[in-house]
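Contents: one structure, followed by commentary.
Just so it is clear, none of the values below were taken in a lab; they were calculated from the coordinates. Keep in mind it's a predicted model, so treat the numbers as computed, not measured. Glycine also receives a Cβ, built like all others from the backbone with ideal geometry; neighbour counts cover every protein chain displayed.
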Amino acid sequence: MEKKRTPFEWSTLGVVLSLSMLIGIGLFRERITQHQSQLLMTELEYMRAGIVHYTLVHKQNPPSLAVLAKQLPHVADGTVIDPFGNPYRYDAKKAWVQTTTKEYAKW
């Protein structure tokens, strides 16, 4: 004969399951953010290398990122966007590209 569960056992089981789901979702979101950070670093690295290559070949800095970033995601007006959905900022005088995402602006 099976023993029936008490309301306390059911509520404890519900709390444990709810906490497990919340922890799982939190870990998954952190993993996505970490992946986006790694992708951002890689994109910046490739764009900066592309700027150096363009400068060596053409003897001048590229006028915009659109010249370099033909395979990166663009919005309708030709602005290159980072993995977080924010535009990159390019300084043609200094030949430097950086993201406008606040947490990663110093990269």
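Results, tabulated for the structure shown:
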{"read-out": "Rotationally averaged projected area of the chain (alpha carbon convex hull; nm²)", "value": "11.0"}
{"read-out": "Residue among Leu19, Tyr104, Tyr88 farthest towards the positive dipole end of the range 7-104, charges placed on Cβ", "value": "Tyr88"}
{"read-out": "Partner aspartates and glutamates for Lys106 [C-alpha distance under 20 Å; skip if fewer than 8 residues away on the same chain]", "value": "Glu43, Glu45, Asp82, Asp91"}
{"read-out": "Extension gain, Lys4 back to Val67 (0.36 nm per residue minus Cα-Cα distance, nm)", "value": "15.7 nm"}
{"read-out": "Angle in degrees between helix 7-58 and the longest Cα principal axis of the chain, rounded to the nearest 10", "value": "10"}
{"read-out": "Over the chain: helical MRE at 222 nm, DSSP H runs n ≥ 4 each giving -39500 (n - 2.57), nearest 500", "value": "-19000 deg cm²/dmol"}
